[in-house]
Amino acid sequence: MKFAITSKGDSVSNTLMHKMRTYLQDFDLIYDEDQPDLVVSVGGDGTLLYAFHRYRSRLDKTAFIGVHTGHLGFYADWVPEEIEKLVIAIAKTPYQVVEYPLLEVIIRYIDGGREARYLALNECTVKSVEGTLVMDVEIKGQLFETFRGDGLCISTPSGSTAYNKALGGAILHPSLPAIQLAEMASINNRVFRTIGSPLVLPQHHTCLLKPVNDVDYQITIDHLTLLHKDVKSIQCRVAKEKVRFARFRPFPFWKRVSDSFITDK
Ligand code: NAP
Ligand code: MN
């Protein structure tokens, strides 16, 4: 089996990365940065987001595992003290794999043919470059509302504990193939109206955001921020691709939520 390790880049994560690399090679596993079967991310959730995008073109052939060198993460849920145990578990493959849903974002531009396709592990956010974001929100081809406010956040179930949670969105179990649309400070008065509640859409329900006036947007895909000019529409739905995580021990999602946000009992 071939593996790669991604580090957050600080000295603690780098030391751990080198240690794991040596241990895994001692078990005759092959280090291959280009075509790994297993990617170990050492750092935090942000490090795993980075690793996900780095190996984005081979998601069907790669499984991820996260070790955290800071606080407990949702994707990085192994502690450095456990790495000997983890290395032995990895060496004794085959391991169990769990799959989580992803968000597909297709941005189309006014000038026709050109479009850009992205996959997000956490979410996509849309903000205007200047002033209030005004966008028509279509769901399954029907106009649902005209949104006015700071922005919109469309998240995956595993991303629902990130930005989405800060916006008052619900936490979704990652076994649900769904996406969630959450508002950022919508304008609501007698003239302008939005639903106000986060919406959860099932697979095959497409959410299409269409500019009303302005056509330049600041769009994030996980940790990546890009300025998109001359946007015609932004299409969001559950992706056909999934992300695969290697599971070596049970760590139920709701326990991860409780340990992260309530207390680590
Ligand atoms: P960051 O500024 O370090 O991330 C913000 C925090 O979100 C970090 O504590 C990060 O954990 C945590 N996080 C990332 N994914 C998570 C998940 N799925 N569930 C729970 N917490 C999660 O930047 P980053 O590390 O590059 O992460 C990018 C993410 O930051 C974006 O995808 C977005 O979700 C989030 N974000 C949140 C807000 C907000 O809450 N208001 C605003 C902007 C962005 P680590 O420390 O382990 O990396
Ligand atoms: Mn981070």
note = P(r) over all Cα-Cα pairs of the range 1-56, 5 Å bins from 0 to the longest distance, whole percent per bin, short to long, reads 5, 22, 29, 25, 16, 3
task = Report the antiparallel proportion of the DSSP beta bridges in the range 102-240 as a percent, rounded to a multiple of 5.
result = 100
inquiry  = Using the Cα centre of the chain as origin and beta-carbon charges of +1 (Lys, Arg) and -1 (Asp, Glu), tell me which of Phe251, Leu86, Leu38 is placed farthest towards the positive end of the dipole.
reply    = Phe251
query = Say we join alpha carbon atoms closer than 10 Å with springs in a Gaussian network model of the chain; which of Thr69, Thr146, Thr93 then has the biggest fluctuation?
reply = Thr93
task = Provide the gained length on full extension for the span Tyr109 to Thr225, in nm with one decimal, where the gain is 0.36 nm per separating residue minus the Cα-Cα distance.
result = 40.0 nm
request  = Based on the mean of other Cβ atoms within 10 Å per residue, sort peptides 178-185, 21-28 so the most packed one is first.
outcome  = 178-185, 21-28
request  = For Phe147, enumerate residues with amide H under 5 Å from its amide H, sequence gap 5+ or separate chain, H modeled in the peptide plane.
outcome  = Met135, Asp136, Val137
note = Taking Cα atoms only, helix 45-54 is inclined relative to the longest principal axis of the chain by an angle, in degrees rounded to 10, of 90
inquiry  = Suppose we keep just the DSSP beta bridges with both residues in the range 20-133; what percent of those would be antiparallel, to 5?
reply    = 45
query = Of all DSSP beta bridges located in the chain, what percent are antiparallel, nearest 5?
reply = 80
remark   = Between Glu81 and Lys232, the two model label points (7 Å from Cα along the beta-carbon direction) sit apart by a distance in nm of 5.7
task = Normalising by the residue count of the range 6-55, find the relative contact order in percent from Cα pairs under 8 Å and 6+ residues apart.
result = 48
note = Phi angles of the range 134-140, converted by Karplus (6.51 cos²θ - 1.76 cosθ + 1.60, θ = phi - 60°) into ³J(HN,Hα) in whole Hz with x for Gly and Pro, give 10, 8, 6, 10, 9, 10, 6
remark   = Here, the range 102-240 modelled as identical Cα point scatterers in vacuum has Debye log10 I(q)/I(0) at q = 0.18, 0.21 Å⁻¹ of -0.98, -1.36
request  = Starting from the amide H of Gly66, placed 1.01 Å from N in the peptide plane, find each other amide H under 5 Å away whose residue is 5 or more places distant or on another chain.
outcome  = Ser41, Asp77, Trp78
note = Inter-part gap, Cα centre of the range 96-124 to Cα centre of the range 1-50, in whole angstrom, is 26
ask   = What pairs in Lys2/Lys265; Lys140/Lys229; Lys8/Lys210 have C-alpha atoms more than 29 Å from each other?
value = Lys2/Lys265; Lys8/Lys210
request  = Just order 78-90, 46-58 by mean Cβ neighbour count inside 10 Å, highest at the front, would you?
outcome  = 46-58, 78-90
request  = Apply 1/(1 + (r/R0)^6) to the Cβ-Cβ distance of Thr263 and Val191, taking R0 = 45 Å, and write down the FRET efficiency to the nearest 0.05.
outcome  = 0.50
query = Roughly how big is the range 155-265's charge dipole about its Cα centre, with Cβ charges of +1 (Lys, Arg) and -1 (Asp, Glu), in debye to the nearest 20?
reply = 440
ask   = Can you pull the Kirkwood radius for the chain, inverse mean 1/r over Cα pairs, to one decimal in Å?
value = 19.6
remark   = Rounded to the nearest 500, the 222 nm mean residue ellipticity computed for the chain from DSSP H runs (n ≥ 4, each -39500 (n - 2.57)) alone is -5000 deg cm²/dmol
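Coordinate-derived values only; no laboratory data. On a predicted model such as this, the values are computed, not experimentally measured, just so you know. Every residue, glycine among them, receives a Cβ derived from its backbone with ideal geometry; neighbour counts consider all protein chains shown.
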